[in-house]
1. Which label belongs to the value computed from this structure, given these candidates for semi-axes √(5λ) of the Cα gyration tensor in Å: (1) 28, 19, 18; (2) 39, 23, 17; (3) 26, 24, 17?
2. State the percentage of accessible surface on the chain attributable to carbon and sulfur atoms; use a 1.4 Å probe and exclude ligands, DNA and RNA.
3. Which is farthest toward the positive dipole end of the chain among ALA124, HIS24, GLN113, measuring Cα position about the Cα centre, with Cβ charges +1 (Lys, Arg) and -1 (Asp, Glu)?
4. Within straight cross-link reach of LYS73, meaning Cα distance under 25 Å, which lysines are found once same-chain residues fewer than 8 apart are removed?
5. At 1.4 Å probe size, what's the solvent-accessible area of ASP158? Round to the nearest 10 Å².
6. Can you tell me the accessible area per residue over region 81-133, all protein chains present, probe 1.4 angstrom, in square angstrom?
7. Under 5 Å between amide hydrogens, which residues at least 5 positions from LEU155 or on another chain qualify, with H placed 1.01 Å from N in the peptide plane?
8. Using only Cα atoms, locate the centre of region 106-122 and the centre of region 6-39, then give the distance between them in Å, rounded to an integer.
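The values are calculated or read from the model by the stated rules, or taken from the named source; none is laboratory data. All figures in this text were calculated on a predicted structure; none of them were measured in a lab. Cβ placement follows ideal geometry from the backbone for every residue including glycine, while neighbour counts extend to all protein chains displayed. The protein model used for the area step is the full one, side chains on, heavy atoms only, and it has no ligands, DNA or RNA in it. Shrake-Rupley method; radii C 1.70, N 1.55, O 1.52, S 1.80 Å.
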Amino acid sequence: MTYIAYLDEFGHIGSYIARNDPRHNDSPVFGLAGLVLPIGQVRNFGTWFYQRKCELLKFEIEQAKAHPAVWEKKGSALYTVRNVATYQELRRFTNRLFNKIETLGGFVFYVGQCKKDPPAAHDANALYRHILKEAIKRIDQHCDLDCNPGEKFLLALDEHDQRSALVTQAAIAMYGVDQRRCLVEPPFQLESHRYQTMQAADWIAGLIGRLGAYWKAASDYPENEIFATYFAARLHQCAVRSGIRD
């Protein structure tokens, strides 16, 4: 069997000092998050997610006057404190999403870093490459060590302006000293508005971004406790080899 991992960014790539800092205040964490599915279940999941998206966001889609197949709502805009507190439908959908991924033989995945370097020492591109390398390592270890027999995987990322550097980093991980043998090819980059699977990854990343900010800087983001209350336990059940480092 071959998996496809769909990953998108969560948090913010820039440096962070504190939420009340006038410049460096976006998020204390950065990482990649999404879902990993058996390749034979990708179409099944894409159809299911499309149908649920149309139900959940029917009013917004109609207002946009766009075909829902190419309409997207960003996860950071969906998973807000107000939306989670107000809309039971969103809370119910999120648990259904995790259930569906597991039912199809997939899992949720996220890996990130708490940002502690001072702004002068912060290298955003190096941070992204580091997180990508760590994501490849962890998914590769799952395929190699946790699956019997071992499995392979493909990796799909949202479009990024550092595409060349990221593909190079992945190729080095595959063929260099790391020898990540389960990754079939360097990552593909997808336009998220055209792929339901990538939109699902973006929604998961939006949720992980809220949770990560609370986990790593609870005093700065006390309102984000609501995400931990409703979703953290179920997330931990369906996530594989995931975490956000200090």
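1. (3)
2. Values: 5530 of 11540 Å².
Here carbon and sulfur together make up 48 percent of the probe-accessible area.
3. The one lying farthest along the dipole's positive direction is GLN113.
4. Qualifying lysines at Cα under 25 Å: LYS53, LYS58, LYS65, LYS100.
5. Accessible area, nearest 10 Å²: 30 Å².
6. Details: 2550 Å² over 53 residues.
Value returned for region 81-133: 48 Å² of accessible area per residue.
7. Those lying under 5 Å, H to H, from LEU155 are ALA5, GLU185, PHE188.
8. Region 106-122 and region 6-39 have Cα centres separated by 7 Å.
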